[in-house]
1. Could you grab me the full set of residues in the range 60-84 that are surrounded by 15 or more Cβ atoms within 10 Å (Cβ to Cβ) and within 13 Å of the chain's Cα centre (by Cα)?
2. Quick one: Thr44 ticks every box in (1) modelled with pLDDT of 95 or more; (2) surrounded by 13 or more Cβ atoms within 10 Å (Cβ to Cβ) bar one, so which box is it?
3. Considering only residues that are out of contact with any Asp or Glu (no Cβ under 7 Å at 6 or more places or on another chain) and over 21 Å from Asp30 (Cβ atoms), which ones fall in the range 45-71?
4. Going by the structure shown, is Ser87 among the small types (Gly, Ala, Ser) and either surrounded by 16 or more Cβ atoms within 10 Å (Cβ to Cβ) or out of contact with any helix residue (DSSP H, G or I) (no Cβ under 6 Å at 6 or more places or on another chain) (or both)?
5. Can you tell me how many residues in the range 24-41 are surrounded by fewer than 17 Cβ atoms within 10 Å (Cβ to Cβ) and under 19 Å from Gln84 (Cβ atoms)?
6. Pairs, please: C-beta under 7 Å, at least 6 apart or cross-chain, first residue free of Cβ contacts under 8 Å to residues at least 24 places away in the same chain and in the range 64-88, second of a type outside the set (Ser, Thr, Tyr) and in a loop (DSSP other than H, G, I, E, B)?
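The values are calculated or read from the model by the stated rules, or taken from the named source; none is laboratory data. Keep in mind it's a predicted model, so treat the numbers as computed, not measured. Positions of Cβ are generated from backbone atoms using ideal geometry, with glycine treated the same way; all protein chains shown enter the neighbour counts.
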Amino acid sequence: MNRRDFLHLRNLSGDILELSCEKLYMRYLDSQLDGTQEQLLGRTRETMLRSKKIRLQDVSWLNRGELKKVLEPLFEEFQAGGGQIESV
């Protein structure tokens, strides 16, 4: 299996999305190369909005490149809808 298959991991309840920032960063770089950046962000947004809480893992990866700037609007939309974000 490739790293794209491990981008989004949900717990058994389906309410919490565990998101590896390292894997997301790697997939984001791939998407820039193959022209699928909008699809990646769209899928990430949809997955986030179906959750009640996001657990960000390896948050130091958000400070690389422009990933944090790209994700900020998604995080804001998620929180505006009542979602919670935590870092582990």
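1. Result: Trp61, Leu62, Leu67, Lys68, Val70, Leu71, Leu74, Phe75, Phe78.
2. Among (1) modelled with pLDDT of 95 or more; (2) surrounded by 13 or more Cβ atoms within 10 Å (Cβ to Cβ), the lone unmet condition for Thr44 is (1).
3. Leu49, Arg50, Ile54
4. No: the conditions fail for Ser87.
5. Summing the residues that are surrounded by fewer than 17 Cβ atoms within 10 Å (Cβ to Cβ) and under 19 Å from Gln84 (Cβ atoms) in the range 24-41 gives 0.
6. Hits for this filter: zero, empty list.
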